[in-house]
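I have placed the structure first, in the form of structure tokens, so that the comments after it can refer back to it.
The values are calculated or read from the model by the stated rules, or taken from the named source; none is laboratory data. This structure is a prediction, so every number in the text was calculated from the model and none was measured. All Cβ positions, even for glycine, are placed from backbone atoms using ideal geometry, and neighbour counts span all protein chains on display. What goes into the accessible areas is simple: the full protein's heavy atoms, side chains included, and nothing from ligands, DNA or RNA. Shrake-Rupley method; radii C 1.70, N 1.55, O 1.52, S 1.80 Å.
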Amino acid sequence: MSDANQPGQDAAEQEQKRPLTLGRSGGRLELRKPVETAQVRQSFSHGRSKAVTVEVRKKRTIGPGPAEPGRTEPVPAVAHDQQVHRPATAEPVRLGVVLPRALTDEERAGRARAVQDARKAEVEEQRLRALAEEGRRRQEEQRAAEEARRRAEEEVRKKAEEEEARRRADEDARKRAEEEAQRRKEEESRREVAERAGKAAAAKVAALAAAGKVAVPVEEEEEERAAAPRRGARPEAKRPAAPARRDEARRRTGKITVTRALTGDEERMRSLASVRRARERERLRLHHGDQEQVKIVREVVIPETITVQELANRMAERAADVIKALMRMGVMATINQVIDADTAELVVTEFGHRLRRVSEADVEIGLRGEEDVPEALGPRAPVVTVMGHVDHGKTSLLDALRETDVAGGEAGGITQHIGAYRVSLRSGKQITFIDTPGHQAFTAMRARGANVTDIVVLVVAADDGIMEQTVEAIRHAKAAQVPIIVAINKIDRPEARPDRVRQELLQHELVVEDLGGEVLDVEVSALKRTHLAKLEEAILLQAELLDLKANPNRPAAGVVLEAKLERGRGAVATVLIQRGTLRVGDIFVAGSEWGRVRAQLDDRGNSLREAGPSTPVEVLGLNGTPLAGDDFVVADSEGRARDIADFRQRRRREATVAAGTRGTLEQMFSQIAAGAAKELPIVVKSDVQGSLEAIVGSLEKLSTSEVSVRALHSAVGGINESDVILAKASKAVIVGFNVRANPQARELARRDNIEIRYYSIIYDLIDDIRNTLSGLLAPTLRERLLGNASIREVFNITRVGKVAGCMVTEGTMRRGAKVRLLRDDVVIHEGSLKTLKRFKDEVREVNQGYECGMAFENYQDIQTGDVIECFEVEEVARAL
């Protein structure tokens, strides 16, 4: 079977290996291509390779085929672009033989394209193979370079480590050699010093014990031995020290441990410092005898704070000892650190010194001097304060007594400044009157006037009776514990009822003499100058009962009633002298300011050389404007006056800072609790200090939890450029009371659009600021009901939604107003109307009794029987 098939297989193999020719198969031409294989090694980028079996494709060529039997004309060869030419005398083709046909142009073009594509594919394959080979070569080179670099770094690192180890070994060896040499040198030095000290001490003790004489000190012996070569003596050759024997005691070396200290293996020798100290003590004992040194106890002044160095200097102790004492107390302090007085007191006590505590306030001790002895006191004029309600005639009454017209020059017809006047009576006696404002803003002025006075004259209008400020004046007088004289003014008016005034005074525990009490009352008329003599007589009678006395022969002391800043005169203070005599040239302290009296004027502008007790004067020469109510004391020297003023300014500044901090914290907490409060910043300038105090106090009272007034700056004097700059930086309003801005300040304010408000009456100022604050208040929202409507039917309309057919049962339903939907008297929706129609027309409002259609904005849940409530919200302005 196999032999039979063998010839067929050989024929098939021969047929397969035969070259590609044009043949005939089934009446058509066919191309047969041979298939050959080969082994190719394929290389990859990471260094691997692989043997791959590939198929070898050869070029297709067309050549002449073998001669067929019966054929007289050979078959011409056909190339790609060759044309077949036949001879003209060719023999006709035999029947049954198919001759090869000529290729068309399309076939030749297709074959040409196939050949070109094969060539391009071969070129691309060669290019890709070259690129792969180039990439593999580059990777090999990079890998080799990386390996070489790594080996080089490794060698460098190893060499560096070896060099470092060698250097460390050399350094350790050098240090050990130096330490060993130093230790040997120190041991030899100690041994030599100990031997010399022992020999000297033994010789000294032997000499003292034998002869009882003083031995020559070791220093002199050493000087003798040192001077011997200079005198010609031959110095002894220095013999080398003999090595210590085993049984000799040597100086302990190395660290001391607990075991070595307890066992006592080695005996420690005396150090060189110990020998020197013993030698010094012996020399001092021989020089001073057996007297012991006594410690010096010093008196150490300790202020509120002191540095460690200063404390050591005051005790004459070393600063290191003081620091050690503090460390024992648990206080770690450096030499320049400040310690408190209590800690310094403990240190001084430990060192055995006496101490005396002082403080910064001690500078004021003895400023007012000692109390006057009764023998030095003399009579003085009474000080009378006139108090009462506004527009009850206080200033007019004083004008009638002084025969002046002060009330005519007051702005608005009311007194806004505290005034002090001296009235001389026909009998030769004098009375000092203090006029206080009656407006409610001047509470501090009235309280100050009641505190410095001897008698209070309470002025009450007969036609008006007891008013609010009258009650306040009564309270101030009772708090100051001064007697009250009631002056019932304006009795010349037809509606005057003095008896009603006396009856109203009973409600405030003031019982006049006519009703069986002890309070004096006088009916007067400032306009008609009626019964003024009776009022003066009552004042003198009350002063005689009080027995007023003061010592004029001492430095002056008093109180500042008012202070102001005038052009050309500087700071001017109105002072009431309470004791002593004030002279021109005296150095004084007024609160936190000091100065020298350059001039002093009375209430009529006359210059005075001296001012005794109960005399009101205007003092010139202050370096600053004091506050109303500050004490006025003459100092013994300018240096002390300056120190006291500096101390008081520092204390006032610290108090101001502390108060500002508290206010800031309180504002912060209030803002956290109720939101940010609106503020109205202002800059206040006034003509006098008392009015400034009253204005600032009244404005602060206007503040609420929602709006507040913040006084950025308040001072006495005109408005200057710095005030305008401050107002611009803080967006504040400048308020001027009886003062004006200078031309530079006005120009700057006009350029920067800063508002400056001028006032001459205090209640106008307060009302204006109150209205401004009211504008900062958020308006009140007030709801007003317009009407109700009942839903009768609900209609569902396409593209509109649900529409309620309603009947207006009360009021009016208005388009644009807010509405509520009530179901069983419970509000289930609140919003606005989308439409309001009457039949098919959109209307603005529908009144009671009419039907309408309504639809809600973005709400569809409406039912029959619901009630629609229509209302509007109004904003009502609030006022303080």
Scan (1) of a type outside the set (Ser, Thr, Tyr); (2) without any contact (Cβ under 8 Å) to a residue 40 or more places away in the chain; (3) closer than 13 Å to Val297 by Cβ for the single condition Gly352 breaks and write down its number. (2)
Picking from Ala477, Ala461, the residue that is at pLDDT below 85 and open to solvent by less than 10 Å² (accessible area, probe 1.4 Å) would be Ala477
Name the single residue that is least open to solvent (accessible area, probe 1.4 Å) among those in segment 821-853 being among the β-branched types (Val, Ile, Thr) and either within 25 Å of Pro779 (Cβ to Cβ) or not in a strand (DSSP E or B) (or both). Val843
Scan segment 604-626 residue by residue and report those that are open to solvent by 10 Å² or more (accessible area, probe 1.4 Å) and closer than 21 Å to Gly717 by Cα. Gly605, Glu618, Leu620, Gly621, Leu622, Asn623, Gly624, Thr625
Scope segment 591-603; condition open to solvent by less than 20 Å² (accessible area, probe 1.4 Å), more than 21 Å from Val452 (Cα to Cα) and touching a Lys or Arg at 6+ places or on another chain (Cβ under 9 Å); matching residues: Val597
I'd like to check something: does segment 787-796 contain any residue that is touching a Gly at 6+ places or on another chain (Cβ under 9 Å) and of a type in the set (Lys, Arg)? yes
Are there any pairs with C-beta distances below 6 angstrom linking a residue in segment 854-880 that is assigned to a strand (DSSP E or B) to a residue that is β-branched (Val, Ile, Thr) and at pLDDT 80 or above, with the two at least 6 apart or on different chains, and if so which? Ala855/Val803; Ala855/Thr835; Ile868/Val819; Cys870/Val819
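Out of all the residues in segment 492-501, is one or more closer than 30 Å to Gly558 by Cα, open to solvent by less than 50 Å² (accessible area, probe 1.4 Å), out of contact with any helix residue (DSSP H, G or I) (no Cβ under 7 Å at 6 or more places or on another chain) and of a type outside the set (Asp, Glu)? Working first, answer last.
Going residue by residue through segment 492-501, those that are closer than 30 Å to Gly558 by Cα are none.
Checked segment 492-501: no residue is closer than 30 Å to Gly558 by Cα, open to solvent by less than 50 Å² (accessible area, probe 1.4 Å), out of contact with any helix residue (DSSP H, G or I) (no Cβ under 7 Å at 6 or more places or on another chain) and of a type outside the set (Asp, Glu).
Kindly indicate whether Ser686 is modelled with pLDDT of 85 or more, small (Gly, Ala, Ser), surrounded by 18 or more Cβ atoms within 10 Å (Cβ to Cβ) and more than 23 Å from the chain's Cα centre (by Cα).
Judged against the criteria, Ser686 is a match.
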Among the listed residues Arg380, Arg354, which satisfies the condition of being open to solvent by 40 Å² or more (accessible area, probe 1.4 Å), of a type in the set (Lys, Arg) and over 46 Å from the mean Cα position of the chain (by Cα)? Arg380
From the residues in segment 809-820 that are surrounded by fewer than 17 Cβ atoms within 10 Å (Cβ to Cβ) and of a type in the set (D, E, K, R), which one is farthest from Gly865 (Cα to Cα)? Lys818
Scanning segment 699-709 for residues that are outside any loop (DSSP other than H, G, I, E, B) and either open to solvent by 20 Å² or more (accessible area, probe 1.4 Å) or of a type in the set (Gly, Ala, Ser) (or both) gives Glu700, Lys701, Ser708
Report the residue count in segment 857-870 for those that are surrounded by 13 or more Cβ atoms within 10 Å (Cβ to Cβ) and either acidic (Asp, Glu) or at pLDDT 90 or above (or both). 5
Answer residue from segment 521-545, given it is open to solvent by less than 40 Å² (accessible area, probe 1.4 Å) and assigned to a loop (DSSP other than H, G, I, E, B) and is farthest from Arg402 (Cα to Cα) among those: Val524
